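The values are calculated or read from the model by the stated rules, or taken from the named source; none is laboratory data. These numbers come from a predicted model, not from an experiment. Glycine gets a Cβ as well: all are built from the backbone with ideal geometry, and neighbour counts include every protein chain shown.
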Amino acid sequence: MIKSLRIAGLALLACVSGTAMADGFETIESAPLKEVWLNGGFYSYHFQRDKNLNDSNPGLGAEYRFSTVASVTAGRFYNSDRAYSNYLGLYYQPFKVGPVRLGAVVGGFDGYPKMRDGGWFPAIIPTASFEYERVGVNVAIVPSYKDRLYGAISVQLKLKVFD
């Protein structure tokens, strides 16, 4: 797990540091929004490449951005263990580097056979988001947890359908 967190941290640092030098790290002022985004699941690059995990995680999800710093999300996808998972969460991203929002999503997942026998469990996952007009991307750094959950960098493309 420590190695996965180290790799994830270095990847996030590399992504953010180039932008940080150009635009700087800032706090986002909270203001109301009314945006609805849809996504088709995730693509995950797993740190444990020898586990034959499913990197392609198609599904359907939605995100309602009610603030410049927060949104709620829910969806269903085909997970890395080749089973269906549901998720429900709250993004809180109070920082930015250039156009990239930084923070975490706090929520719950189910459907991972080795984690609570496929039942619901809580998670806090560091995230970065970039949105431009009607398209966006969320990048999450998912840490490994023992032999139950496998760490990855997950990318989620999204499309704004209402604002």
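Keeping to the range 91-120, report how many residues are charged (D, E, K, R) and either assigned to a strand (DSSP E or B) or closer than 19 Å to Gly75 by Cβ (or both).
Qualifying residue count, the range 91-120: 3.
Could you give me the residue pairs with C-beta distances under 6 Å whose first residue belongs to the range 39-56 and is closer than 16 Å to Ile141 by Cβ, whose second residue is of a type in the set (A, V, I, L, M, F, W, C) and part of a loop (DSSP other than H, G, I, E, B) wherever it lies, and which are 6+ apart or on separate chains?
If the second residue must be of a type in the set (A, V, I, L, M, F, W, C) and part of a loop (DSSP other than H, G, I, E, B), the pairs left are His46/Leu53.
Hey, among the residues in the range 23-73 that are among the β-branched types (Val, Ile, Thr) and part of a strand (DSSP E or B), which one's farthest from Phe109 (Cα to Cα)?
The qualifying residue farthest from Phe109 (Cα to Cα) is Thr27.
Return the total of residues in the range 45-80 being of a type in the set (D, E, K, R), modelled with pLDDT of 95 or more and surrounded by fewer than 20 Cβ atoms within 10 Å (Cβ to Cβ).
The first filter runs over the range 45-80 and keeps only residues of a type in the set (D, E, K, R), leaving 49-51, 55, 63, 65, 76.
Among the residues that remain, those that are also modelled with pLDDT of 95 or more are: 55, 63, 65, 76.
Subset that is surrounded by fewer than 20 Cβ atoms within 10 Å (Cβ to Cβ): 55, 76.
Qualifying residue count, the range 45-80: 2.
I'd like to check something: does the range 47-59 contain any residue that is of a type in the set (D, E, K, R) and in contact with a strand residue (DSSP E or B) (Cβ under 7 Å, 6 or more places away or on another chain)? Break it down stepwise before answering.
Our first condition is that a residue be of a type in the set (D, E, K, R); within the range 47-59, this holds for 49-51, 55.
Applying the additional criterion that residues be in contact with a strand residue (DSSP E or B) (Cβ under 7 Å, 6 or more places away or on another chain) yields 55.
Yes.
Taking the range 121-163, which residues are assigned to a strand (DSSP E or B) and among the charged types (D, E, K, R)? I'd like the intermediate steps shown before the answer.
First, the residues of the range 121-163 that are assigned to a strand (DSSP E or B): 121-132, 135-142, 145, 149, 152-162.
Hits for the range 121-163 are Glu131, Lys158, Lys160.
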